[in-house]
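Participant: Got a structure for you, written out below as structure tokens; questions coming shortly.
The values are calculated or read from the model by the stated rules, or taken from the named source; none is laboratory data. In this text the structure is predicted, and so the values were computed from the model without any measurement. For neighbour counting, all protein chains shown are included, and Cβ atoms are generated from backbone atoms with ideal geometry for every residue, glycine included. Surface areas here come from the heavy atoms of the whole protein model, side chains and all, with no ligands, DNA or RNA. Shrake-Rupley method; radii C 1.70, N 1.55, O 1.52, S 1.80 Å.
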Amino acid sequence: MSQQFQQPAPDSTPASAAPAPGPSGADFLTPYPGPSGADFLQAQAPAPARPANVGLGIAAAVGAALVTAAVYGTIIGLTEYQIGFAAVAVGAAVGFAAGKLGGSNPLLPVLSALLSLAAVFAGQLFGIAMIGADQLGVSTMDVVSLGTSLLVDAWKETSGPMTYLFLAVGGYTAFQSARKAA
């Protein structure tokens, strides 16, 4: 069996282009001209933290409490049931808004818990007003305009252990959310 063997072409590289030196035994002793470890650490420095704005955190928590109270009350009014996950969502929204925008001020978790308790309570009152308005055939605002004492009396009559549990869960969730979001 004979094969055609072709001779290699003559070296066409110019004499000035010498091949790159390969690693030799002494190359590991010479320092590498690249970035040092200090350069790497300096390039990875975190961005400076923005200063906490407690006033903005309080305003955000109050706004979140108002909005979530209305939503929670609407859920209660439409379903005629208190839903525990909604109370958790109220607390989480109030606490997250306060912590994220207000920073790590130790006042914010406590204030968030109090605002969440107020929001869950106001939502329950609004839900009772919606249910009462539906039963009486009037608008919800007509029932609300009768006064809060009437709504609080109705709340006292209908409240049970679950009502207080939802208040506590909402407050606890707000406290923890404000701490963790900061």
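Participant: Can Gly127 be described as in contact (Cβ under 8 Å) with a residue 24 or more places away in the chain, crowded, with 18+ Cβ neighbours inside 10 Å and within 19 Å of the chain's Cα centre (by Cα)?
Facilitator: No; evaluated as a whole, the condition is false for this residue.
Participant: Can you pull out the helices (runs of 4 or more DSSP H) entirely within the range 46-154 that have at least 2 residues that are under 22 Å from Gly170 (Cα atoms) and not polar (S, T, N, Q)?
Facilitator: Answer list for the range 46-154: 54-79, 84-102, 107-136.
Participant: In the range 108-119, is there at least one residue being in contact with a Lys or Arg (Cβ under 8 Å, 6 or more places away or on another chain) and either touching a residue at least 40 places away in the same chain (Cβ under 8 Å) or within 18 Å of Leu165 (Cβ to Cβ) (or both)?
Facilitator: Within the range 108-119, one or more residues are in contact with a Lys or Arg (Cβ under 8 Å, 6 or more places away or on another chain) and either touching a residue at least 40 places away in the same chain (Cβ under 8 Å) or within 18 Å of Leu165 (Cβ to Cβ) (or both).
Rundown of residues vs (1) under 16 Å from the mean Cα position of the chain (by Cα); (2) open to solvent by 20 Å² or more (accessible area, probe 1.4 Å); (3) of a type in the set (Phe, Trp, Tyr), yes/no style:
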residue	(1), (2), (3)
Thr68	yes, yes, no
Tyr72	no, no, yes
Gln82	no, yes, no
Leu117	no, yes, no
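Participant: Here's a check for you: in the range 132-149, which residue that is hydrophobic (A, V, I, L, M, F, W, C) and surrounded by fewer than 15 Cβ atoms within 10 Å (Cβ to Cβ) is nearest to the chain's Cα centre (by Cα)?
Facilitator: Start the filter on the range 132-149 by keeping residues that are hydrophobic (A, V, I, L, M, F, W, C), which leaves 133, 136, 138, 141, 143-144, 146.
Still in the list and also surrounded by fewer than 15 Cβ atoms within 10 Å (Cβ to Cβ): 136, 138, 141, 146.
On the way: Leu136: 40, Val138: 39, Met141: 33, Leu146: 38 Å.
Only one residue tops the list, namely Met141.
Participant: Residue pairs, Cβ under 7 Å, 6 or more apart or interchain, first in the range 90-101 and aromatic (Phe, Trp, Tyr), second surrounded by fewer than 24 Cβ atoms within 10 Å (Cβ to Cβ). List them.
Facilitator: These pairs meet every condition: Phe96/Ala181.
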